[in-house]
Amino acid sequence: MHRLLSTVALCATLATPAAAQDRLTLMLDWFVNPDHAPIILAQELGYFTEAGLEVEIVTPSDPNAPPRMAAAGRVDLAVSYQPQLHLSRHAGLDLRRVGTLISSPLTCLVVLADGPVRSVDDLRGGKVGFAVAGVQEVMLDAMLAHNGVAPEEVEQINIGWSISPALMSGQVDGVIGAFRNFELNQLALEGIEGRCFYPEAEGVPAYDELIYVASPADMDAGAIARFLDATERAAGYILNQPDAAWDTFAATASELQTELNARAWGDTWPRFATRPAALDAGRYARFEAFLAARGATPGGLGVGELALDVTALDGAVP
């Protein structure tokens, strides 16, 4: 009889439909790379499933598309950048930061270590390339001013995404917009040593490099909170077992298994937000004031118009 009851119970269990999963579509800022490890590992380790989520991860054909796609409600979440969020809001996109992926700046001003530029003020009379017009120019101007150099004393050139080649070829004396976890390693692989000047040490307020943004009109705060909890678990796994985490992450795609990505991993994993839902309100207020003071935006946006703590929301989104 006991065996019969056990069999009946097993059949009943198998017949019970699986719990429904909430679906989220996440658009990355670019192709998958070590910056996205908590997302990929939350998927691989089953943390999203355990959170009751089915997460579709997509990459953009245009790196400018993710914020627009999120604002239009065509994706539930997008990976973007805090500086870009401020510009997007002033451009009329209805977005909010709802979580943090990398909580410290990665952007830096890179020069050749064996070149004549030993400090930022050595760029006076030189050329600096930037990848994206807008925030990068504002950051460069602030770094120059912090070192007593007027913006007009430096020729600024739009080099697109040809960051390392423009520097190595001597087209420019420095580049702003390089990521310290990638471009410095890319230069090293070419046998060239780079030197990084950090914006947060040269007159630019610290900011969240990579963030999750969503449309407040369309977002499911509860599902996003569970997404952030799953990526928090993944960030904790990475923090405790970085080598094992790299092995799991790299095994997800052959294109990740490169020397550049392996080197970048060591410079990236310590920077993942271990509390991705937590909001540093002062950081957003300071950067909004910084952009206004530099004339990049009219300013005036309150923190709540820029960023939200979804764990504090109770069904209502301002």
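The values are calculated or read from the model by the stated rules, or taken from the named source; none is laboratory data. Only a predicted model underlies this, so the values are computations on that prediction, with no experimental measurement involved. Cβ placement follows ideal geometry from the backbone for every residue including glycine, while neighbour counts extend to all protein chains displayed. Heads up: the accessible areas ignore ligands, DNA and RNA and are worked out on the full protein's heavy atoms, side chains in. Shrake-Rupley method; radii C 1.70, N 1.55, O 1.52, S 1.80 Å.
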Inset, instruction - Go through (1) touching an Asp or Glu at 6+ places or on another chain (Cβ under 7 Å); (2) part of a strand (DSSP E or B) one by one and return the number of the condition CYS196 breaks. - result: (1)
Legend entry - Number of positions in segment 233-252 that are touching a residue at least 60 places away in the same chain (Cβ under 8 Å) and in contact with a strand residue (DSSP E or B) (Cβ under 9 Å, 6 or more places away or on another chain): 3
Inset, instruction - Name the single residue, out of those in segment 267-311 being open to solvent by less than 30 Å² (accessible area, probe 1.4 Å) and polar (S, T, N, Q), that is farthest from SER215 (Cα to Cα). - result: THR268
Inset, instruction - Among the residues of segment 177-218, count how many are open to solvent by 40 Å² or more (accessible area, probe 1.4 Å) and of a type in the set (S, T, N, Q). - result: 1
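Report yes if some residue within segment 117-131 is in a strand (DSSP E or B), surrounded by fewer than 20 Cβ atoms within 10 Å (Cβ to Cβ), out of contact with any Leu (no Cβ under 9 Å at 6 or more places or on another chain) and not aromatic (Phe, Trp, Tyr); otherwise report no.
Within segment 117-131, one or more residues are in a strand (DSSP E or B), surrounded by fewer than 20 Cβ atoms within 10 Å (Cβ to Cβ), out of contact with any Leu (no Cβ under 9 Å at 6 or more places or on another chain) and not aromatic (Phe, Trp, Tyr).
Scanning for something small (Gly, Ala, Ser), open to solvent by 60 Å² or more (accessible area, probe 1.4 Å), at pLDDT 95 or above and closer than 21 Å to ILE211 by Cβ, does segment 48-69 turn up at least one residue?
no
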Legend entry - Any hit, segment 241-261, residues being assigned to a loop (DSSP other than H, G, I, E, B), among the charged types (D, E, K, R) and out of contact with any Gly (no Cβ under 6 Å at 6 or more places or on another chain): no
Legend entry - PHE182, sole failed condition from (1) among the aromatic types (Phe, Trp, Tyr); (2) farther than 23 Å from PRO63 by Cα; (3) assigned by the TED database to the domain that holds ALA166: (2)
